[in-house]
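The values are calculated or read from the model by the stated rules, or taken from the named source; none is laboratory data. Given the structure is predicted, the values throughout are model-derived calculations rather than measurements. Please note: Cβ atoms are built from the backbone with ideal geometry, for glycine as well, and neighbour counts cover all protein chains shown. To get the accessible areas, we keep the full protein, side chains included, count just its heavy atoms, and leave off ligands, DNA and RNA. Shrake-Rupley method; radii C 1.70, N 1.55, O 1.52, S 1.80 Å.
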Amino acid sequence: MEFNTKTAAPESIKVDCLVIGSFEDQGLTASARRVDRATGGAIRAAVASGDMKGKRGSLVVLRSLRGVGCARVALVGLGKSADFGDKAFADAVSAAVRGCGAGVTTLAFAAADWKVTGRSPAWAARAMVTAARATRFRSDELKTKASAGSGDNGNGGRPLRITWLAERRDRDLSHALQQGEAIANGMELAKRLGNLPANVCTPDYLASQARKLARDWGLGVQVLDRRQIAALHMGSFLSVTNGSEQPPRFIVLRYRGAGGRGFADPIALVGKGITFDSGGISLKPGAQMDEMKFDMCGAAAVFGTMRAIAELKPKINVVGVVPSCENLPSGRATKPGDIVTSMSGQTIEILNTDAEGRLILCDALTYAQRFRPAAIIDIATLTGACVVALGNVHSGLFSQDDALAAELLAAAKSAGDSAWRMPVDDDYQEQLKSNFADMANIGVPGNAGAVTAACFLARFVKGQRWAHLDIAGTAYRGGTAKGATGRPVPLLTEFVLTRAV
Ligand code: BES
Ligand code: MN
Ligand code: ZN
């Protein structure tokens with residue numbers, strides 16, 4: 001898919017399909033009325049016939065109208081103008097891209113006057129790109145026959161070219177389109193990795209993808225094997241790999257944008273890379289266990305963000321840290337009650353082998369502090385409790401640092417990739433008391449599980465600017481729409497870009 005912006009009258013633009021909008025309450029937008037006049041009232045006629053009531057996500061395609069330069073005009077329903085927020089805008093873009101017709105290879109949006117509540121024109125242009133790309137995205141690399149609508153646009157591999165019609169010349173707009181493409185590229189990488197099954201997407205596969213990212217985008221990369229991980233005394237991380245035949249990998253990716261010598265004050269992004277979480281000896285129930293292939297979505301979000309950042313080249317340093325392994329039961333697997341020593345030196349009593357994310361992240365957090373980062377953010381499908389608390393709407397944001405939390409919430413808001421702040425008070429820490437080790441790896445079952453997980457991680461980042469994103473509910477969908485979402489790549493990319501200016 002390709003994107004550009006033009007300042008041209010909608011009726012004069014020569015494309016296969018021109019997209020115009022109609023609100024349920026206000027009727028045609030200004031640019032749609034303009035197209036209507038040029039066609040001698042053909043658009044109003046479609047409305048009068050009852051074919052277009054403005055219902056959100058509805059679409060009619062009108063062909064061979066006179067007075068316009070395009071073969072088709074797609075009239076898309078925008079819903080009620082007061083409800084025209086992020087989601088309604090994305091739905092409208094999606095309806096147009098999906099419904100414009102299989103023969104369409106060039107599309108133009110006359111959408112600058114759609115006025116998304118609380119958003120700028122540049123924001124809408126960027127969101128158009130990510131919505132259009134998400135509409136055409138398919139994970140069919142393991143299907144023997146490509147599914148309908150697969151590839152770039154489902155019409156024989158010819159790329160779809162989309163023009164954003166601007167009301168006036170604005171350099172911000174082409175910049176916004178470029179940002180949208182980079183974010184979409186990052187999200188698609190995250191989705192692709194998330195959707196791959198665990199027999200393909202192993203820790204070593206993730207390492208090979210990191211090497212490829214580094215090669216393609218000029219990033220620094222380091223992959224540590226079991227021996228090197230052991231030499232760093234990551235006893236907590238290694239305890240999770242014990243039951244698996246797949247060797248663990250500890251992956252470090254570096255983007256250098258700040259200039260100067262060395263690698264000063266990077267943002268550290270630490271992603272949970274469990275390529276399959278069976279629970280281990282504390283085995284999970286069978287229902288939906290396949291979805292635990294998504295337990296590396298934190299790692300995928302780190303890779304996706306590194307890719308977006310490498311493309312946009314902000315003046316800032318970023319390091320991605322990904323501990324990756326499988327969590328499986330076997331005769332060699334870690335058992336409930338086992339005590340391990342983390343890289344920090346603190347000992348952990350593993351009361352539940354299914355609380356493994358925190359066990360790999362704590363060592364990765366200790367390692368990440370070597371870079372003297374300006375801020376550390378870990379990203380993890382960490383707890384089912386976070387899904388209970390926030391569903392699939394907001395990612396859980398945990399931080400004891402109010403300024404960092406505010407920055408992340410602002411980035412979440414402007415990226416349209418929401419997060420909700422949750423507590424990390426010390427009052428919850430007592431749940432992690434152990435009679436035999438410095439701490440246990442779980443709290444009281446059914447009692448603030450997402451918070452106690454964050455509290456566990458907090459013990460490994462004393463005196464650092466740190467935040468934790470629990471993406472268990474937002475990184476992927478189950479059911480018929482099963483698949484990775486690419487979240488929170490938009491949030492993280494926005495955060496890094498904002499920090500760089
Ligand atoms: N990967 C899971 C968390 C998870 C659960 C993500 C459901 C997405 C959907 C994590 O490793 C886990 O198993 N957590 C346990 C922790 C418990 C044993 C304290 C959980 O949430 O049940
Ligand atoms: Mn688990
Ligand atoms: Zn897990």
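Observations, loosely collected:
- Rounded to the nearest 20, the Cβ-based charge dipole of the chain about its Cα centre (Lys and Arg +1, Asp and Glu -1) stands at 1900 debye.
- Only beta bridges with both residues in the stretch 1-100 are counted; by DSSP, about 50 percent of them are antiparallel.
- Surface/4 of the Cα convex hull for the stretch 21-165, nm²: 8.8 nm²
- Gained length - Asn447 relative to Asp83, 0.36 nm times residue gap less alpha-carbon distance: 127.4 nm
- Distance between the C-alpha centres of the stretch 186-243 and the stretch 85-112: 36 Å, rounded to the whole angstrom.
- Alpha-carbon centroids, the stretch 268-305 and the stretch 455-490: separation in whole Å: 11 Å
- Computed extension length for Ala102-Arg158: 19.1 nm, one decimal, from 0.36 nm per residue of separation with the Cα-Cα distance subtracted.
- Ordering of 206-218, 75-87 by packing [mean C-beta count within 10 Å, highest first]: 75-87, 206-218
- Residue-normalised accessible area of the chain, expressed per residue, 1.4 Å probe, Å²: 40 Å²
- Sorted largest first by accessible area at a 1.4 angstrom probe radius, with every protein chain in place, the residues Lys115, Lys284 fall in the order Lys115, Lys284.
- Loop-located chymotrypsin sites (Phe, Trp or Tyr not before Pro) in the stretch 414-501, at most 14 other Cβ atoms within 10 Å (DSSP): Phe436
- Bridge orientation summary for the chain: considering DSSP beta bridges with both residues in this region, about 40 percent are antiparallel.
- With the convex hull constructed from alpha-carbon coordinates only, the chain shows a mean projected area of 24.1 nm² over all directions.
- A simple spin-label model places pseudo-atoms 7 Å from Cα toward Cβ; at Thr498 and Asp265 they are separated by 1.8 nm.
- Restricting the stretch 7-53 to trypsin sites (Lys or Arg not before Pro) that sit in a DSSP loop and have at most 13 other Cβ atoms within 10 Å of their own Cβ leaves Lys14, Lys53.
- Distance violations [Cα-Cα > 20 Å] among Lys272/Lys315; Lys115/Lys313; Lys293/Lys482; Lys272/Lys433; Lys191/Lys284; Lys143/Lys482: Lys272/Lys315; Lys115/Lys313; Lys272/Lys433; Lys191/Lys284
- Where GluC sites (Glu not before Pro) in DSSP loops with at most 15 other Cβ within 10 Å are excluded, longest remaining stretch of the chain: 246-501
- Accessible surface of the chain, 1.4 Å probe, proportion on carbon and sulfur as whole %: 49 percent
- Cβ-derived FRET efficiency at R0 35 Å, Lys482 paired with Ala48, nearest 0.05: 0.25
- The chain: angle of helix 203-217 to the longest principal axis, Cα-based, in degrees nearest 10: 50 degrees
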